[in-house]
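Enquirer: Here's a structure for you.
Since every read-out is calculated from the coordinates, none of them should be taken as a lab result. Fair warning: this is a prediction, and the values are worked out from it, not measured in the lab. All Cβ positions, glycine included, derive from the backbone under ideal geometry; neighbour counts span all protein chains shown.
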Amino acid sequence: MALFIFAATLARADNANLLGEARALFATGDYLPAAAKARAVGNAEGLALATQITCYYGRYLAPEDDRLALFEGAVEMAAAALELDPNNAFVRVQNAHALGRYSQQIGVVEAISEGLASKVRDQIDAALALEPDNPSAHMLLANWHAAIINNSGFVGRMIFGADEDEVFAHYSEAIRVSPADPQIRLEFARAILELDEEENATLAREQLDAALAMPVETAFGEVLRGEATALLDGLASN
């Protein structure tokens, strides 16, 4: 028994080391090696982290031709993580994240026809049931409402209950919980500009200015800064 406990302790330590190495690679911008390292851990946390990194790389950096395969792989990793630990909010968030990115890649209208909108919502709701103050879950729920409104309008509102007010409400919650997260500010600006650029331009500028005022500590932070700068420049030129 003592030998078994010792071996289990070593395994946990090895997993923690691998996850730490994965996060360090991600911080320096080695996204795919970071995802591979996290996936190699094999537990729910590692698979969910690999999903998150893969989705970030696919969303912001990957060549267009590579994105579908990346998001398909992310969906598979997230599903494997869910089988291992369904009561983990981070796992649920990454399932919603991967399904959402995959849906965007194939087209939201097609994704809705395949039932993916409901699957994404189920994962977000499960994450919030586990962690009501999870900022990523609130951000994803806001984006869920925005994506359905932008792509299916009145029909989406009627069938899925998508509501523009919920976009603002859930981004407000995400900012309340995590005010220093530049990604939340950036994606809030992007979402409301897609809803109504003219009406929401002032608030979007405020969010982008807030994002750009935050310190950059990782390579991904630099990516977000570049995205925020480009979006703000686009507003200035309109």
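Enquirer: Could you give the size of the charge dipole of the chain about its Cα centre, using +1 on the Cβ of each K and R and -1 on the Cβ of each D and E, expressed in debye and rounded to the nearest 20?
Expert: Value, rounded to 20: 660 debye.
Enquirer: Of Arg190, Arg67, Arg176, which is the most mobile in a GNM of the chain whose springs link Cα atoms less than 10 angstrom apart?
Expert: Arg176
Enquirer: With N residues in the range 137-238, what two-decimal value do you get for its Cα radius of gyration over 2.2 N^0.38 Å?
Expert: 1.08
Enquirer: Ok, one more. Going by how many other Cβ atoms sit within 10 Å of their own, how do Val93, Val108, Val216, Val75 line up, fewest first?
Expert: Ascending Cβ contact count within 10 Å gives the list Val216, Val108, Val75, Val93.
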